[in-house]
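Have a look at the structure below, then the notes.
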Amino acid sequence: MLRYGGAAALAAAFLLGAAAGAGAQGPPSKVLPPRLPNGGYTVVIGGDTMVALPDSVLRALVKMQGDLRSARAQIEDLQKIADARQQQLAGADTLAHAQRAMVAVQDSQITSLKKEVGILDALRNRGWLSVELGAGASFSDGTPGLLAGVAVRRFRLWGLAQKGNAGGFVGLGFPIF
């Protein structure tokens with residue numbers, strides 16, 4: 001079994017080794033020469049193999065563990081931010097699709113309104129001078145008559161001619177449609 005300990009583990013290994021060497025009962029132990037690059041010792045006590053490290057190495061390991069925990073927490077935070085951004089992106093895509101659909105509907109409405117404006121302009125801008133003619137008969141004796149008129153924009157002037165009868169009318173015209 002491989003275990004990590006500090007200078008205390010190294011001291012315990014020496015004491016156990018000294019006690020075993022002095023005839024006391026305990027597991028046999030030995031310290032292998034320092035061959036570790038970080039200055040630690042490999043200690044074998046009974047069937048257990050341990051590595052005794054200097055305090056500076058242990059402090060560095062503890063600091064690395066703290067840095068690792070901090071980095072994992074930062075990764076979690078960044079993952080949460082990335083997930084939130086993905087949701088925002090999906091919402092933005094949905095909104096953009098809805099806006100494109102709305103723009104298409106509005107383009108259709110604009111085209112329709114332009115057609116209507118063209119029709120209204122044609123009706124509004126038609127000639128300002130017109131001639132109006134009509135024919136008919138009187139109700140009492142059925143005598144035929146002729147009606148003729150001149151219109152300047154909305155103002156109308158008509159004349160009536162009938163056998164033995166004549167007259168004139170003045171009026172205004174108001175478009176209904």
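Starting with the highest mean, order 43-54, 133-144 by the number of other Cβ atoms within 10 Å, averaged over the residues of each peptide. Show your work: numbers first, answer last.
On the way: 43-54: 16.8, 133-144: 9.6.
Top to bottom by mean Cβ count within 10 Å: 43-54, 133-144.
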Would you kindly calculate the translational diffusion coefficient of segment 129-172, applying Stokes-Einstein with the Kirkwood radius from alpha carbon pairs, for 25 °C and a viscosity of 0.890 mPa s, and quote it in µm² s⁻¹ without decimals?
-> 224
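Quick one: length gained pulling E132 to F174 fully straight, 0.36 nm per residue minus the C-alpha distance?
Details: separation 42, 0.36 × 42 = 15.12 nm, distance 1.48 nm.
Full-extension gain reported as 13.6 nm.
No value in this document is a laboratory result; all are computed from the given coordinates. Everything quoted here is computed from the prediction, not taken from an experiment. Glycine also receives a Cβ, built like all others from the backbone with ideal geometry; neighbour counts cover every protein chain displayed.
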